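Have a look at the structure below, then the notes.
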Amino acid sequence: MVESILWLADFLQISPYPTEAYTVTTSFDDSIVNDKDAKINQQISLKGAGLQSRKRAIMESQDVDETTALEILAEIEQDEKVVTAGMVDAFGVD
């Protein structure tokens with residue numbers, strides 16, 4: 001299939017056919033087998049039942065590494081900060 005696409009691109013003068021060796025790598029999304037919504041709902045259930053940490057739930061549901069999950073958690077915590085009247089001075093929030 002890749003050969004056909006490369007040949008067609010060359011034929012239509014979109015891109016010349018490669019003259020050097022190349023490697024093709026594919027990654028299939030198994031959405032039919034692994035429903036993404038079901039995966040997210042499972043993580044929500046595990047977190048709600050106290051069987052999963054927020055960090056681990058983010059890692060599993062969003063398919064990210066620990067560093068990225070911690071960055072997401074920091075963003076969530078920043079968004080969840082509550083500003084009370086005692087925190088506000090004449091110039092805004094302390």
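Just so it is clear, none of the values below were taken in a lab; they were calculated from the coordinates. Keep in mind that what you see is a predicted model, and the values were worked out from it rather than measured. Because the Cβ atoms are built from the backbone with ideal geometry, glycine has one as well, and the counts that use them run over all protein chains shown.
Can you tell me the equivalent ellipsoid semi-axes for segment 2-82? Use √(5λ) from the Cα gyration tensor, largest first, whole Å.
Result for segment 2-82: semi-axes of 43, 17, 11 Å.
Given 0.36 nm per residue, what is the gain on full extension from S4 to V82 after removing their alpha carbon distance, in nm?
Extra length available between S4 and V82 comes to 22.3 nm.
Do you know the relative contact order of segment 2-82, to the nearest whole percent, from alpha carbon pairs under 8 angstrom that are 6+ apart?
Result for segment 2-82 is 15 percent.
With each label point set 7 Å from Cα along the Cα-Cβ vector, what nm distance links S15 and V64?
Spacing of the two 7 Å Cα→Cβ label points: 3.0 nm.
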